[in-house]
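The structure appears below as structure tokens.
The values are calculated or read from the model by the stated rules, or taken from the named source; none is laboratory data. What you see is a predicted model; the values in this text were computed from it and never measured. No Cβ is skipped: glycine too gets one built from the backbone with ideal geometry, and neighbour counts run over all protein chains shown.
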Amino acid sequence: MFTLKEWRRLQVIPSDHAKLFIFQVRQKREPMNNMDYAKGYWNPYVAGIALGLVLTFTFYVMGTGLGASGAIARTAAVAAHNVSPEAIEKQAYFKEFYREGADHPFVDWTVIEVVGVFLGGLISVLLSKRFSVVVGKGPTAGVGLRLFMAFFGGIIAGVGTRFAMGCTSGQALSGGATMVVGSWVFMMAVFAAAFGAAYFVRKEWS
């Protein structure tokens with residue numbers, strides 16, 4: 001399958017170069033289908049099944065599903081509490097982490113899980129020899145713009161996960177697996193919003 005841009009390029013070049021162009025396109029695309037897995041990437045279907053098994057095992061062992069945004073909220077609570085304890089203990093949302101008799105905010109399953117995800121990802125890239133410090137971006141976006149969009153988008157996502165009481169892990173994976181209607185609505189809304197927003201930033205990635 002060629003993109004619209006590639007078909008347009010194919011139409012304007014001389015016919016005697018068409019075969020060379022098609023070969024170059026196929027040569028560029030074939031590694032995405034075959035070679036990348038040999039370089040340390042999992043097949044996405046196998047990875048999806050594995051993730052489902054991990055989720056099932058988590059429900060069985062921990063009595064709860066996967067999640068991530070809760071760990072970020074707890075980290076924010078601890079950081080803010082170190083700066084202004086009294087204000088945080090009176091704040092409507094964060095005070096729940098410091099109610100009388102409660103464990104330290106870091107004593108929570110999601111915090112341990114997120115730390116494990118980070119370590120597991122690090123071990124994976126080291127073993128597959130794919131570790132590098134780079135800023136992933138499209139050919140037309142500068143590093144500054146990419147970091148700004150990531151930071152700004154992260155703020156929006158962070159606020160949204162608190163309103164939704166979960167992120168794509170807690171809502172889409174865990175909630176969706178237990179057939180929670182609200183989680184399915186959340187997941188459809190995430191996809192719809194992503195498709196809508198992609199139109200405005202597509203040029204930064206193409």
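Observations, loosely collected:
- From the options HIS104, HIS81, residue that is surrounded by fewer than 15 Cβ atoms within 10 Å (Cβ to Cβ), modelled with pLDDT of 85 or more and either within 27 Å of the chain's Cα centre (by Cα) or not assigned by TED's automatic domain parsing to the domain that holds GLY176 (or both): HIS104
- Residue check for THR140: surrounded by 10 or more Cβ atoms within 10 Å (Cβ to Cβ), over 26 Å from GLY52 (Cβ atoms) and either among the polar types (S, T, N, Q) or assigned by TED's automatic domain parsing to the domain that holds SER69 (or both): yes
- Only listed residue being among the aliphatic types (A, V, I, L, M) and either crowded, with 16+ Cβ neighbours inside 10 Å or in contact (Cβ under 8 Å) with a residue 24 or more places away in the chain (or both), chosen from LEU119, LEU145, LEU126: LEU145
- Conditions (1) within 21 Å of the chain's Cα centre (by Cα); (2) modelled with pLDDT of 90 or more; (3) more than 24 Å from MET165 (Cβ to Cβ); number of the one not met by VAL111: (3)
- From the options VAL135, VAL181, residue that is loosely packed, with under 13 Cβ neighbours inside 10 Å, touching a helix residue (DSSP H, G or I) at 6+ places or on another chain (Cβ under 6 Å) and not polar (S, T, N, Q): VAL135
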